[in-house]
Every structure is written in structure tokens, then in C-alpha cells.
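Student: Here you go, one structure.
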Amino acid sequence: MNLIYKILINIIFIGLTFFSLQANDNPKFNIGYYDLENDIRYSEWGIHPVDIRSDTNKTYKKPVAGAELGLKDIKPFQRMAKVNFELLTKSIKDTENIGEIIYNHILENNIKIIITDLPKNELLKVVTKVSDLNISLMNISERDNSIRSEQCHENLFHIIPSNRMLTDSLAQYLSDKKWRKVLILTGPLKEDEEKSNSFKESAKQFGLKVVDERKFLLGNDPRARDQNDLDFLTGSNKYDAVYISDTHREFSYKVPFATQQPAAVVGSAGLIARAWHWSYLRHGAPQVHGRFERMHNRRMTEENWASWVAMRMVAEALVRFKKDDNEINFSKTFIDSNYKIGGSKGPALNFRPWNRQLRQTIMISSENWVTSIAPLEGFVHRDNNLDTIGMDAKTSKCNIN
Amino acid sequence: MKKINVIIKSTILFLALIFLSYKSFAGVIYISNEGSDNITVIDLNTLTIIDTIEGGDRPRDMHYLKEQGHLLVAASEDDIINIIDVNSLKIIGTLETGDDPEIFDISPDGNIAVVSNEDDNEATVIDIKTRKILRVIEDVGIEPEGVTFSPDGKLVFITSEVTNTVIIIDPWKGEIIEEVLVGNRPRRGAFTQDGSEYWVTNELGGSVSILNAKTFEIIHTIVFSKKGIRDEEITPVDFAMSNDGTKAYITLGRAKHVAVVDTNSYEVIDYILAGSRVWGAAITKDDKTLIVTNGQSDDISIIDTDKRASVNSIAVGRTPHTVRIVE
């Protein structure tokens, strides 16, 4: 009797082992993640001196942290998707040959979709190189407008908002507050110029008046006082707000409360339009902040949010759109009218088919509070109010459909 | 003389009326205000606020234990469920819950409570008599929210906001039985009165998925749509099922409306205007009055279900979350 009992237990045990093995027998689904080994955007000490004091010891700033949380969050999807998700990350030093490096990495590792944390030049190299693989790229950090317009690509999906979405959000806010006269301060970089140009377009669209645009320079050279001294830079004109474009935020931190006129400072300092901010308390955002902070012991930045969402978008697509043979065409799925995903910041998110930009709300925030959410109430669009910010089907010069 | 007679008569009538209205003291409405950490207690008959009582830190979901006369309130930031005696309106004890309890449900026999722990992706089963945790069920999806006992008390249906699934568990054994993919961001669930169907709101899908309560298959999906309201504004959250089994009332969040659905044909009969970000809902025993909480306008709407219109609103605390009616 005892023996039979033992045999029975053994059979059950073997059965259970078999079952659990089966559960782990799902095919791997590899997601590639690429960034630069030395990316000035995440330099160890911070680009501007304020970081040295406020952010010591937290050198691990790269947005791959968001993808790591994303991987953890999509593990429960495996029960439904019947695949095992793997995140394969690679930091690339040789930016010259970045296209080939990523191309080979994709083939060697059977990678199905890739997330890129790359600046524009490197990103475009990769897009061109991998175009014959028909693999989708998810851009989580480059905000440049042209890659959503004349330099767009049908496989290049943008999770992070464009500069235009950010400047439109600020313009809506200024217009709503009736702070209509704006002085623009533009930095020396090409990226600074792109931002200021984007703001000028937004100003035109939302009825703001640009009273002047001035170039600033970082430094103390007395011969360049008109460009490095705020009294000169912000003097003489009448304005309600100052828009400043300063990609590396080395200069702009000094501007709020230091202008000649009492004025709101927006752009790279003061009120900043962001995809995500840690102070947001609604729509389940605190839960996401909480999980991220417990995992990484720091706050979740915009790019971290974007890479987290990117991972979730992959899982969501697989669970709902996968064919029986485990194949999925992400480029098609992402622009399917039934595809949408929650990003823990309000409405369901999906892509604009005309330029592959993720529709989303923008958090207009100070350093420690989300002051407003764009699109602001009262700005309405024929189809989707989220399209009042960013390039519309008509304004984008992207021709992929 | 005649005049005095009239005065006396009318006084008697007046007193009788007061007495009658006192006798017919029919019920009490409880509103948990998660922003102001208190509970508003309202007389259902006169719709006047009787008292505002302490609810713990961030009070959210509430359930009434009839036998004991206890109102259980999840105090999310205290990591407990407070037990409020409805006669004294005082907190008389607490239940252990694990981290951050938001939504919970009580078994039909009143013996156990199951609560979702949003931050830990867990469900906690609590023995109500001993007030201790019986067991913790792990891995119930990311950000579990809605918790609903099946009417026979055997199973619990839990929604997972991020994983977009309903996870069906056996709370007595602590096992996960099944997982069903529903719409985007499922929030709350409710069973039809006959227990044959489980309905779940999909906040970002703007829809309700209806599951067969036995086979767990999705048998129907109701997608809400109303002229003049953007589809993305329609964010369904909570239910009130009519006691006669014919109607489901579903709060639509940012759309500021409550949908009225025929539970047999699944047709949307009407949309009733309520307040800003309408989410919590409860209905009176006679099915005549529906009460909903408006999270963003800090008030509740009183809806006449015959007229299908809001007939009154009452300012309560900050960010009203859940409404329960005790009759």
C-alpha cells in the first residue's frame, strides 16, 4: 500500500516537473537594445555643474534602466504570448561602423525588434543599414523634427515626443495664460537652433508674438557681454515669457528669476515640456515611479519612461496580434487602428500613421511639479485632440503611406 | 377659534411628518474621500450630511459587513483595512492587508476578504474573524486592481491594469486557475445578478468585456460611444448592477457620463450626465436611486433611474473614491 502511494506521488511529481518544463519551453523572443558607450547626454558627472552636487553617485543614468523595468513588467505577458522575452543590450563605441555592428548583432542573435537610444546621425546610419532586414526600430531619445518629417522611415517608430510636440505644448500653455509676447534665447548648438526654430513654428500656429531672438554663449568674456550677460540678453524689449533652447542645460539654469522683465521662463529651464516627470500623481503614474525607484534607486526620466513603454508595446503587440506561427509584422501592427497601449499618463497611446510618432500627452513641468498637461483644454482637433501637438498629417513632410 | 384649530391641526400634522420621516430613516450613504482622508456619511432620505468621520490614510474601497454592522475601509497608505462601527461611526479595529490595499471584496459567507496589493503584484487573503492574513497569492499581473468574488464564493476575479488580463484565483487554496486577456487597462469587475456572467471595464479600451463565469470565455464586448464625446474621453471604471437583474450602470470617467446597459441584450439604453471623472457607483435596493462619485469635482451625483437624470449633487471631501449604500 505504502509502495503504491509512493509510486503515485512520484508520478505526480514527474507530471509536475514535466508541466513546469513545458511552461519554460516557450521560444525565446529577443529584443535588441542599442546605445552609445560614451554618450555625452548621460555623462558621468552631468553636463552642467548643478548635477555634480545634486546627482552624485548616481552615474547610471542611461535609459536602458527603463527597458529593464519594462522586461520585468512584461514577464507576466509570457503566459499569454507563449514566448520568453529576452532583452539583449549592446553599448557601441565605434560610431563610424555602428550600422554594420547592429546589423550583425541582429542577425547573430535572431533579434525581432530593436530599441535605440541613439542621437540623430547614428540613428540614421542604423536605419539605412538595417532597412533590408525589415525590422522595426523604436527611437526612445532623439527628439529631432526632421526624422519625423523629410527624413522619416516606415520602420522607424518614435516613442519619445518630437521637439515640435514639446514646443507646441509650451505654446499652448503660453497662449492659454495669455503670455503672448515671447523673447527667444538660442544656444550655439545645431540642436539648440532646431529647438528654437520649432518654437517659432509653434508660436505661429498658436498666435504668439516673437519679439526678438538672441543668441547666447556660455562664458565670461567681457567682449561678448551682449551674449553671455543676462541683463543684456533680456534687456530693452517688452515680453511676457522667455523661451530658451539649451540642449545641454549649462546656461539655461541661470535664467529663471534673472530676466530684466518679470517673465515666465520656458523651454530648457523653468517650465519644461517633458514626456514624463516623476512628480505626476495621476493615471497610475505613481505605481510606475514606485516600481522604477525600487529597482534602480533613482528617479525615472523621460527616456526611461520611453524605453519602458517600448518594451510594453512589444508585449502588447505580441499578445494581441501574433499569428499562430509566432511571426508578427511590427511595422503593420503598430499602425493598426486597433493597436493601442496605456502609458500611465492618461489616454490610450498609438502611432500617427503619417510619421510613426507616438501620440501622447505632454507634461508641462517645473523641477518638482507637473503644472499642466498638453494638449490643454480648449485646443481641439478634427480627429484626435492629441494631434493638436506635433506635426499633423499635413505639416509633416514624411511620405511613407 | 377656527384659526387656532387650523394651527393646532397643522402643528400636529407637522410633528407627525417629522416623526414619520424619522421612522422611515431608510439608509445611509458612505463616501470615502481619498484626498482628504475621511468618510462622508449622508442620510439617504434627506440627502444631508450626517457626519464626516476619520477613514485612515487614503481611504478607498469599502464594504459593509451586515451581521456585525461594520464598514470595512481600505486605508491604502496605512496598509490596513479599518473596521468602522456604523453605530458609533468610530474605527474599532483593523485588518492586516499587506502593502497598499486599494480594492477588496468579501466572500459571500463573510469569512474572508481578498485585497489587491497594487505595488507588489499580489493578492492577499485575510481572515476577517482573526483579522490576520491567511495567505498571499503572488504574480497576479502587474498593478492588480479590481477584486470580485464569484457569487458562490469559490473564486475571485482580479483585474491587472498593466497586463490587461483578468486573473481567476481560488482564494481558499491560494491558486491561480486561469488568466484571460481582455481590453486595455481593465479596472473593475462585477457579476450579473444570476451569477452567469462576469463583466469587466476596460478603461483605455472604452469598453466592457463580458466573460462566461463558468468557461471564462469572452462572450461579448460592449464598446461605448456617444455623439459629442471623443472616444478617448470614454474611460469606464465602476459598475452598479440593478437588483432586478435587468440593467448595468457603468461610470465612464472623463466622459462625465454613466452608461445604462440592458443586461440581456447588451444594448446601451442611455448615457446619463454626471460630474467630472465619474467613477464610483452604487444603487439602492429598490433600484430607484443611483449614486456616483465624481473624483474631480469633489462631489457625488444622485441619479433618478426612472428619469435617467441627475437630480441632485452633494459636495463631499476631496477626491471621492467609493460609494456604499447601507439600507
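The values are calculated or read from the model by the stated rules, or taken from the named source; none is laboratory data. Being a predicted model, the structure only gives us computed values, none of them experimental. Cβ atoms come from the backbone with ideal geometry, glycine included; neighbour counts cover every protein chain shown.
Student: Being within 22 Å of residue A:89 (Cα to Cα) and of a type in the set (Gly, Ala, Ser) is the filter here; which residues of the stretch A:118-170 pass it?
Tutor: Once the filter is applied, which keeps residues that are within 22 Å of residue A:89 (Cα to Cα) and of a type in the set (Gly, Ala, Ser), the stretch A:118-170 yields A:131, A:136, A:141.
Student: I'd like the residue in the stretch B:75-133 that is of a type in the set (S, T, N, Q) and over 18 Å from residue B:156 (Cβ atoms) and, out of all such residues, is surrounded by the fewest Cβ atoms within 10 Å (Cβ to Cβ).
Tutor: Result: B:87.
Student: Residue under question is residue A:258, and the condition is that it be part of a loop (DSSP other than H, G, I, E, B) and within 22 Å of residue A:196 (Cβ to Cβ); does it hold? Lay out the reasoning, then the answer.
Tutor: Working: part of a loop (DSSP other than H, G, I, E, B): yes; within 22 Å of residue A:196 (Cβ to Cβ): yes.
Yes; evaluated as a whole, the condition is true for this residue.
Student: With A:312, A:320 as the choices, which residue is within 10 Å of another protein chain (Cβ to nearest Cβ), in contact with a helix residue (DSSP H, G or I) (Cβ under 7 Å, 6 or more places away or on another chain) and either part of a helix (DSSP H, G or I) or charged (D, E, K, R) (or both)? Give the derivation first.
Tutor: Values: A:320 fails: in contact with a helix residue (DSSP H, G or I) (Cβ under 7 Å, 6 or more places away or on another chain).
Going through A:312, A:320 in turn, the sole match is A:312.
Student: Taking the condition of being more than 14 Å from every other protein chain (Cβ to nearest Cβ) and not in a strand (DSSP E or B), how many residues in the stretch B:142-151 meet it?
Tutor: 2
Student: Of these, B:84, B:42, B:29, which one is part of a strand (DSSP E or B), within 19 Å of the chain's Cα centre (by Cα), more than 30 Å from residue B:124 (Cβ to Cβ) and at pLDDT 95 or above? Talk me through it step by step, then tell me what you get.
Tutor: Working: B:84 fails: more than 30 Å from residue B:124 (Cβ to Cβ); B:29 fails: more than 30 Å from residue B:124 (Cβ to Cβ).
Checking each option against the conditions leaves just B:42.
Student: Restricting to the stretch A:328-343, what's the tally of residues that are within 14 Å of another protein chain (Cβ to nearest Cβ) and either closer than 14 Å to residue A:159 by Cα or not in a loop (DSSP other than H, G, I, E, B) (or both)?
Tutor: Initially, the stretch A:328-343 is screened for residues within 14 Å of another protein chain (Cβ to nearest Cβ), giving A:336-343.
Cutting the leftovers down to either closer than 14 Å to residue A:159 by Cα or not in a loop (DSSP other than H, G, I, E, B) (or both) gives us A:340-343.
Of the residues in that region, 4 qualify.
Student: For the stretch A:1-100, please list each of the helices (runs of 4 or more DSSP H) lying entirely inside it that holds at least 1 residues being of a type in the set (A, V, I, L, M, F, W, C) and at pLDDT 95 or above. It would help to see each step written out before you state the result.
Tutor: Numbers: elements: A:2-23, A:50-54, A:64-74, A:78-81.
Once the helices (runs of 4 or more DSSP H) in the stretch A:1-100 are filtered for at least 1 residues that are of a type in the set (A, V, I, L, M, F, W, C) and at pLDDT 95 or above, what remains is A:64-74.
Student: Of all residues in the stretch B:115-135 being within 27 Å of residue A:291 (Cβ to Cβ) and aliphatic (A, V, I, L, M), which is farthest from the other protein chains (Cβ to nearest Cβ)?
Tutor: B:134
Student: Suppose we filter the stretch A:256-297 for residues that are within 14 Å of another protein chain (Cβ to nearest Cβ) and in contact with a Leu (Cβ under 7 Å, 6 or more places away or on another chain); how many remain?
Tutor: 3
Student: Can you tell me which residues in the stretch A:356-401 are of a type in the set (A, V, I, L, M, F, W, C), within 12 Å of chain B (Cβ to nearest Cβ) and crowded, with 22+ Cβ neighbours inside 10 Å?
Tutor: If the condition is that a residue be of a type in the set (A, V, I, L, M, F, W, C), within 12 Å of chain B (Cβ to nearest Cβ) and crowded, with 22+ Cβ neighbours inside 10 Å, then A:386 is the only one that fits.
Student: I've got another one for you. Identify, from the list B:158, B:112, B:91, the residue that is away from every other protein chain (no Cβ under 14 Å), aliphatic (A, V, I, L, M) and either under 30 Å from residue A:339 (Cβ atoms) or under 20 Å from the mean Cα position of the chain (by Cα) (or both).
Tutor: Of the residues listed, the single one that is away from every other protein chain (no Cβ under 14 Å), aliphatic (A, V, I, L, M) and either under 30 Å from residue A:339 (Cβ atoms) or under 20 Å from the mean Cα position of the chain (by Cα) (or both) is B:112.
Student: Continuing with the same structure: Looking only at the stretch B:172-189, which residues are more than 20 Å from residue A:76 (Cα to Cα) and surrounded by 21 or more Cβ atoms within 10 Å (Cβ to Cβ)?
Tutor: Within the stretch B:172-189, just B:189 meets the criteria.
Student: Suppose the filter is within 14 Å of another protein chain (Cβ to nearest Cβ), hydrophobic (A, V, I, L, M, F, W, C) and over 20 Å from the mean Cα position of the chain (by Cα); does residue B:237 pass it?
Tutor: no
Student: Further question on the same structure: Exactly one of these conditions fails for residue B:228: (1) at pLDDT below 95; (2) of a type in the set (Gly, Ala, Ser); (3) buried (at least 20 other Cβ atoms within 10 Å of the Cβ). Give me its number.
Tutor: Condition not satisfied by residue B:228: (3).
Student: I would also like to ask the following. Looking at (1) assigned to a helix (DSSP H, G or I); (2) in the same structural domain as residue A:304 (by TED's automatic domain parsing), which is the one condition that is false for residue A:173?
Tutor: With (1) assigned to a helix (DSSP H, G or I); (2) in the same structural domain as residue A:304 (by TED's automatic domain parsing) applied to residue A:173, the lone miss is (2).
Student: Something else about it: Is the stretch A:278-288 home to any residue that is within 30 Å of residue A:233 (Cβ to Cβ) and touching a residue at least 24 places away in the same chain (Cβ under 8 Å)?
Tutor: Scanning the stretch A:278-288, I find at least one residue that is within 30 Å of residue A:233 (Cβ to Cβ) and touching a residue at least 24 places away in the same chain (Cβ under 8 Å), so the answer is yes.
Student: Between a first residue in the stretch A:112-129 that is assigned to a helix (DSSP H, G or I) and a second residue that is crowded, with 19+ Cβ neighbours inside 10 Å and of a type in the set (Asp, Glu), which pairs have beta carbons less than 6 Å apart while being 6 or more apart in sequence or on different chains?
Tutor: A:120/A:142; A:120/A:144; A:123/A:142
Student: State the number of residues belonging to the stretch B:301-327 that are over 13 Å from the mean Cα position of the chain (by Cα) and in contact (Cβ under 8 Å) with a residue 12 or more places away in the chain.
Tutor: 18
Student: Now, a different point. Inspect the stretch A:75-93 for any residue being out of contact with any Ser or Thr (no Cβ under 9 Å at 6 or more places or on another chain), within 14 Å of another protein chain (Cβ to nearest Cβ) and on the phi > 0 side of the Ramachandran plot and give the result as yes or no.
Tutor: yes
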